[in-house]
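The values are calculated or read from the model by the stated rules, or taken from the named source; none is laboratory data. Being a predicted model, the structure only gives us computed values, none of them experimental. Cβ placement follows ideal geometry from the backbone for every residue including glycine, while neighbour counts extend to all protein chains displayed.
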Amino acid sequence: MLNTSDILETIRMIQDECLDIRTITMGISLLDCCAEDMHTVCDRVYEKITRKAEKLVATGQQIETEYGIPIINKRISITPAAMLVSATRGGDPVLLARTLQRAAETTGVNFIGGFSALVHKGFSAGDEALIRAIPQALAETSNLCASVNVGSTKAGINMDAVRLMGEIVRESAELTADQQCFGPAKLVVLCNAPEDNPFMAGAFHGVGEPDCEVHVGVSGPGVVRAAIEKYPDASIDELANIIKRTAFKITRMGQLVGTRASKMLGVPFGIVDLSLAPTPAVGDSVAHILEGMGLSICGMHGTTAALALLNDAVKKGGVMASSSVGGLSGAFIPVSEDAGMIDAANSRVLSIEKLEAMTAVCSVGLDMIVIPGDTPASTISAIIADEAAIGMVNSKTTAVRVIPAIGKKEGEELDFGGLFGKGPVMPVRRESADKFISRGGRIPAPMQSLKN
């Protein structure tokens, strides 16, 4: 039973510390929508999504009213769309993208994720067609997110896909240059992509998931920062326990909301993803948590160690609160979406190289980083390859979401607005990786993949 102090503490977390349910995401399998004709596929996809998610937004709003908990986004994830494209006879994937946009508008959700391909061991029928359609699909839609998984610990890294994705990211930026190069902000390249991730842009509904389910993504960087600041003289192990206790409380709220949403929608409850996902709002920064631990600024020496502590404690606290913790669950470090990261990048303390080191110990990877507009595709591919290698060798999810700022150079800025925030153009290495990237082939899986 909740006592009065628990209720008051939760109210304070929501009002003063930016605690929220970041997303309720409905996962929908579209495998039964396959057909040889793309128009038939699109009709089936639209019918199933609008039927299954008809009450998703209204349910989220009702739960907000019942519990007084802000639910920022209502989203949908679908079966990787490349599987649907594979079943058609040369259908245009952009037609499917337009259908998904129409379904998003009808249901009222913020985003649909799953315009995706899983190519970590090679391309199957439809994969390359979908990937090459991503720039146009993202340019024509506003609520669609895309992702491509190019590596895994079990399979290694598909370097042909890595090379192609560098080109796709750049093309997407060029096609949306008049929209602050927003296309790549909705595109992420992954290694070891989870099948039950409720967060965009990497969400898709894995083939091992049920026909339909609902996931909850909880976020509360401000709550963790406030908890840490109450104990300015705590030791490192005491800080870990403080974070674990705070993560436990936040996750319990997610469990409550997920269970209620599952019952109201009549679909199974999937997972709670407790990820400290920052926003540009004051007091909602992962960087400020690290600085609250004693760093003068995020990006200095010691940042990776502090982030490792934070990520581990969040996972341990979350697992104790729910048997359904999944997705990514940890700390995100998206530069443009985190006020502290933006300040550190503008101060030139936080670099892409330091961010890469941080990704070895956090939940995802190089996220929402704006790079110079003249960055060649091969350099973008090399960044993707480096990040995928960290994920492959360490058996963890890593990702790259970089935005080439077409026509802009280091020191300038892109402003996406809303939760996407704004980001300074960060410098990248100017030396060429073209020869390495152009070799193609596959980086073999590491020894730790042989576990059977």
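The C-beta contact set for the range 137-153 (first residue farther than 21 Å from ARG102 by Cβ, second residue hydroxyl-bearing (Ser, Thr, Tyr) and assigned to a helix (DSSP H, G or I), distance under 8 angstrom, 6+ apart or interchain) comprises THR153/SER449.
Residues to consider are THR251, THR259; find the one that is touching a strand residue (DSSP E or B) at 6+ places or on another chain (Cβ under 9 Å), closer than 23 Å to ILE236 by Cβ, assigned by TED's automatic domain parsing to the domain that holds ARG225 and modelled with pLDDT under 95. Show your work before the answer.
Details: THR259 fails: closer than 23 Å to ILE236 by Cβ.
Residue meeting the stated conditions: THR251.
Tell me, please, whether a residue that is in a strand (DSSP E or B) and more than 20 Å from PHE204 (Cβ to Cβ) can be found in the range 62-71. Write out each step before concluding.
Taking the range 62-71 first, the residues in a strand (DSSP E or B) are 71.
This time we only want the ones that are more than 20 Å from PHE204 (Cβ to Cβ), so: 71.
There is at least one residue in the range 62-71 that is in a strand (DSSP E or B) and more than 20 Å from PHE204 (Cβ to Cβ).
In the condition set (1) outside the structural domain of SER378 (by TED's automatic domain parsing); (2) among the small types (Gly, Ala, Ser); (3) surrounded by 21 or more Cβ atoms within 10 Å (Cβ to Cβ), GLY208 is compliant with all but (3).
Residue-by-condition table, conditions (1) under 16 Å from the mean Cα position of the chain (by Cα); (2) surrounded by fewer than 24 Cβ atoms within 10 Å (Cβ to Cβ); (3) farther than 25 Å from CYS181 by Cα:
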residue: ALA82; (1), (2), (3): no, no, no
residue: LEU95; (1), (2), (3): no, yes, no
residue: GLN101; (1), (2), (3): no, yes, no
residue: ALA117; (1), (2), (3): yes, no, no
residue: ARG132; (1), (2), (3): no, yes, no
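Would you be able to tell me the number of residues in the range 418-437 that are under 30 Å from ILE71 (Cβ atoms) and in contact (Cβ under 8 Å) with a residue 40 or more places away in the chain? Residues in the range 418-437 being under 30 Å from ILE71 (Cβ atoms) and in contact (Cβ under 8 Å) with a residue 40 or more places away in the chain: 5 in total. Would you call VAL364 at pLDDT 95 or above, in contact with a strand residue (DSSP E or B) (Cβ under 7 Å, 6 or more places away or on another chain) and buried (at least 19 other Cβ atoms within 10 Å of the Cβ)? So VAL364 fails the test.
For the range 386-403, a tally of residues being in a helix (DSSP H, G or I) and crowded, with 24+ Cβ neighbours inside 10 Å returns 4. The numbered conditions (1) in contact with a helix residue (DSSP H, G or I) (Cβ under 9 Å, 6 or more places away or on another chain); (2) without any contact (Cβ under 8 Å) to a residue 24 or more places away in the chain are all true for HIS120 except (2). Tell me yes or no: at least one residue of the range 158-176 is surrounded by fewer than 24 Cβ atoms within 10 Å (Cβ to Cβ), free of Cβ contacts under 8 Å to residues at least 12 places away in the same chain and of a type in the set (A, V, I, L, M). No, there is no match, as no residue in the range 158-176 is surrounded by fewer than 24 Cβ atoms within 10 Å (Cβ to Cβ), free of Cβ contacts under 8 Å to residues at least 12 places away in the same chain and of a type in the set (A, V, I, L, M). The residues of the range 255-279 that are surrounded by fewer than 20 Cβ atoms within 10 Å (Cβ to Cβ), out of contact with any Pro (no Cβ under 9 Å at 6 or more places or on another chain) and not hydrophobic (A, V, I, L, M, F, W, C), listed by number, are THR259, ARG260, LYS263, GLY266. When the range 256-308 is limited to residues that are farther than 22 Å from GLN61 by Cα and hydroxyl-bearing (Ser, Thr, Tyr), the one that is farthest from the chain's Cα centre (by Cα) turns out to be SER296. Highlighted here are the helices (runs of 4 or more DSSP H) found entirely within the range 290-361 that include at least 2 residues which are of a type outside the set (Val, Ile, Thr), in contact with a strand residue (DSSP E or B) (Cβ under 8 Å, 6 or more places away or on another chain) and over 16 Å from LYS244 (Cβ atoms): 339-346, 352-359.
With among the small types (Gly, Ala, Ser), surrounded by fewer than 23 Cβ atoms within 10 Å (Cβ to Cβ), at pLDDT 85 or above and over 26 Å from ASN149 (Cα atoms) as the only criterion, which of GLY283, GLY292 stands out?
On the way: GLY283 fails: at pLDDT 85 or above.
Unique residue meeting the criteria: GLY292.
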